[in-house]
Each structure stands twice: as C-alpha cells, then as structure tokens.
Amino acid sequence: MNKLTLLTLAGSLAVAAPSLAQQTEKIDQVALAKIKDEGMNRSKVMETAFYLTDVCGPRLANSEGLQRANEWTKKQLTSWGLVKANVEPWGTFGRGWDIEKSYVAMTAPYYHTLIGAPKAWTPSTNGTLKKQVIVVKATTEADLDKYKGQLRDKIALLEVPNPPKPSFEPDAKRYTTEELQKMTEKPAAPAANATPDADRMATYRARLALRNKLTEMLQTEGAAAVLSTRGGSDGTFFTSNGAPYAADAKPVLPELEMAPEDQLRLIRLSDAGIPVEIELETRTRFQDKDLKGYNVVAEIPGTDKKLKNEVVMLGGHLDSWHAATGATDNAAGCAVMMEAVRILKATGMQPRRTIRIALWGEEEQGLFGSRNYVKNHFADPATMKLLPEHEKLAAYFNLDNGAGKIRGIYAQGNEAVMPIFQQWLQPFGELDATTVSPRNTGGTDHLSFDAVGLPGFQFIQDPLDYGTRTHHTNMDTYERLPADDLKQASVLVASFVYQAAMRDQKLPRKPLPAAKPETQRL
C-alpha cells in the first residue's frame, strides 16, 4: 500500500513539478524518534479528552460549558510550560445558552420515556406541560392553512424527513488502500453546465422559508411546544439550533429534537386516531451579559534569532453542540493539538520558529473564531489588505474530522507543498500515514487561513463512525474516542509542526486570492 501510493505520487510530481520533486527535506530522525516515543508511551491525550468532554461538558457557543473549557485549556497549556496563554476575544458573537432541565415522555395511550433534547437557543416551557399532540404535515405553504384554528394549546408534532431504514453496513470504517489512492488523484473538473451547489442552495432556501412560515404560524395560533427531528437511527438524533443567537432575536416556541423512532411511533398512533398525550419540561437559560466570542491561544517561543518572529500554528475548534459532550466534534481534535504541544515541551524540543496553538470558539455557527482571528491578525478576505503578521505565518495545521487516526494530509490545492509533506510522512509509514492529496477539503477552520492566501491544511483521518453516528448527535461522547488513534494523530501532528518550525524557509504559498466580499462567500 505505502509503496504504491509513493510511486504514484512521485510519478505525478515528476510530470507536474520536476524541480520540486528533486528538493530534499532535512529530516531530524532523532527528534522524530523522541516525539514518537513520548506520544506513544507517555501519552496524556485521553486524560485531556476526558476533561474536555466529561468534566467541561457540552460546549455550545458562548455557553458556560465553553467558558469552562476556555479557562481549563488556558490553565493546562500554562502548566505544560507554554507562554502567553490567553482567552482572546475575537469580536461580538451573541447570546450564550445552557440547559438546566430537560424531560419528555408519552403519557397516553400509555407511559413511555422518549429520547430528545431542546434545540439550541429555544426558551423554557415555564413548568411542566401535559398536552395533546397534533401532527403537522406540510410540503407547501398552502398545506399550512388546514391547521389554522387547531393548534392552540397543543404540542405540534412535525414529520420525520428521513425515516431510519435497516442497515447492513457497520457504522465505523477505515479508509481502504483504494480510497486513499483515489485521494492522490486530482479531482475531475465539473461540467460547464453543472450547478449542484446552486440547486442544493435553492432547495435549502425553499425548505427554510417553509419552516419559517410554519414557525410563525405555530406561534400565532398558540401552540404550546414543538417536537421535531433532523433524522438519525437506533436512538441517535442530530441536533441544531432552533432560534438565532443574536441578542435581539425574535422569541420562538419551546422545541425539542427527538430520536426518529420515538417520533414515528407518536405519528403512527396519532394517524390511527389514537389520542397521544405528551408531558415535557425544559428549563433553559440565556447568557446575554457578555456577547463576545473567544479563542484560546498559547505559544512555545522560537529560539532562532532570525526565525523566532515567524509562527507555525496548529488548532481545532473547542466549541460543540449540546446534546452530547462533543467528543469527536471536536474535543478529539483539540486534545490531539494540545497533546502535540505537550509532546514538544516534554521532549525538550527547541523550535526555531514560534509554535502557537489556537483553540477556536464558535466554529459551528460559521468558523467565527478562526475567521475573525485571521481578520484581526493577518488579513480581511473582503479587502485582502494584508497586516504585518501575514508575512510571518509559516503554516497552519488543523484537525476536525472526528477521532480517527491520521492517514495523510490534504494539500489544499498547493502542489508545491506536496513533495515536502510526502518526505515528512516517510518516517511514519508504519503508522499508516502515507497519503498526500492535492485536493481541497472544506467545512472547518483551515479555510479561514486559505481564504487570505496563507498555507492552511487539514489532515486526512479515518472516518470511523463520525458521519454515521457522532457528528452533531446525542452520541458524540467520550466512548467514541479510540486511544490508539488519538495517540497516533498526536505524534503525526507534533512531527509536522516541529518540521515546519525547523525549516530554513516557510512553506510555499499559493498566489494571493482576489478580495471576496462577504456576499460572495457561501
């Protein structure tokens, strides 16, 4: 597997960039052996993950859980010997929100507890509700008219968009040799008339508009609460926000998201003409005294007189959703990044460049922590006016695709770094990390750096059950974190960061992008 990947990549580079393929990196095998020994035999990554998940709890944007995590990580990084540890404000975010109590059960035609949790930023029920349900089925605005006059003092039960089906595949998987090989190939250019993004956005906007009309009608008609689901299976449900986090957001009804099996049972009973009664209580609390968002940053100072003012960054987002403890999304990534800097301190490494870790806030609402950090320190993508720090960033490495071990790295369209990364991976072939992909990958904080022409990269990770069971669900808990995978990832990240900090030159950059106003960005 490893040889095939190396030969294929070497061949493509020889054609695309022969001069780059001949460059040889200085690899400090002794230093990398120390990193591997510390990370594999004296790891603290699972202890860190325990504190981020079980101790700090859910870490919704600007919640008390995220505040706990901010303060704990600052203290922990300082205890390991990092300097300038700070909980740094990035700007205004909005209200925080926490759950104090959540309970839901069916009380007629018989009693049964149900699986669910309040949607983020929804209000309390102001005590226990015990109400009849009414099933609301609507695919167009015209469908809403038939429910007028029927909703007052009822619990509205919404349809299940994706009913669960029997699955004959395991939840978790690792990448195969063939899948990794595919990643080394350049993706095919889209057809000239292809508009998948536009079509998908149009469908999404239409669905959102209908839901907004339904929300308005439920409130106007005097419904007591709402039960809904975004899908899932086997007791797992996906979670999201049920109202805006802005300080001046309009009020909405209390709403719980449900496991689809429970919701479908309620719908079947109701459709059969059997009265269904629900008892529920939610007690939620808004935090509106401090509307700012924050990132946690800390450093290992550089030691080279000429290079110590340059910076290698690594990071992941510290915030999570609220129905579980955000283990794979993204306590895993933060624990690995923290472990990487701990390894570098514990082994006594003396990096030439400064190494800076950043644990981002408010990623789930739109990469806010990293985007505003980049805007405050490096450049605003809307104007592309560069700040002095822009020139001094050597690289940024990100981890945010679950808890699987690292299998390689995405070059994010930067072909000049590919032979460099391939050489950096070679000492770790026995750890199954060999793949350098030329492709872009999206959805997380390295994009904030890439957007202003800085070399930002995301690692390739085995998917495990991230997409099927844990990503934004009530099952995203500590039990989903395989220790060996996180140890391996910590060693790989520490080695990449160290080698970036020791190079004579910063990593190659792509050409600066054109200014892109906010209205042009997805």
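The values are calculated or read from the model by the stated rules, or taken from the named source; none is laboratory data. Quantities reported herein were computed from a predicted structural model and do not represent experimental measurements. For neighbour counting, all protein chains shown are included, and Cβ atoms are generated from backbone atoms with ideal geometry for every residue, glycine included.
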Taking only region 194-232 into account, find how many residues are among the small types (G, A, S) and closer than 15 Å to G116 by Cβ. 4
Which ones in region 359-372 are crowded, with 24+ Cβ neighbours inside 10 Å and within 17 Å of E389 (Cα to Cα)? S370, R371
I'd like the full set of residues that are over 28 Å from A514 (Cβ atoms) and basic (K, R), limited to region 348-394. R352, R353
Restrict the check to region 418-433 and report whether at least one residue is surrounded by 21 or more Cβ atoms within 10 Å (Cβ to Cβ), touching a residue at least 40 places away in the same chain (Cβ under 8 Å) and small (G, A, S). yes
Any chance region 326-338 includes a residue that's in contact with a strand residue (DSSP E or B) (Cβ under 8 Å, 6 or more places away or on another chain) and in a loop (DSSP other than H, G, I, E, B)? no
For region 464-509, enumerate the residues that are farther than 23 Å from I357 by Cβ and in contact with an Asp or Glu (Cβ under 8 Å, 6 or more places away or on another chain). L464, D465, T468, R469, T470, H471, H472, R480
Out of E185, E178, which single residue is assigned to a helix (DSSP H, G or I), farther than 30 Å from R268 by Cα and at pLDDT 90 or above? E178
In region 232-261, residues that are crowded, with 21+ Cβ neighbours inside 10 Å and assigned to a helix (DSSP H, G or I) total 1
With criteria (1) in a loop (DSSP other than H, G, I, E, B); (2) modelled with pLDDT of 95 or more; (3) more than 19 Å from G242 (Cβ to Cβ), L151 comes up short on (3)
Test K292 against the criterion of being out of contact with any Ser or Thr (no Cβ under 9 Å at 6 or more places or on another chain), modelled with pLDDT of 95 or more and among the basic types (K, R), and give yes or no. no
Going through L393, L344, L399, L387 one at a time, which residue ends up being surrounded by fewer than 24 Cβ atoms within 10 Å (Cβ to Cβ) and modelled with pLDDT of 95 or more? L387
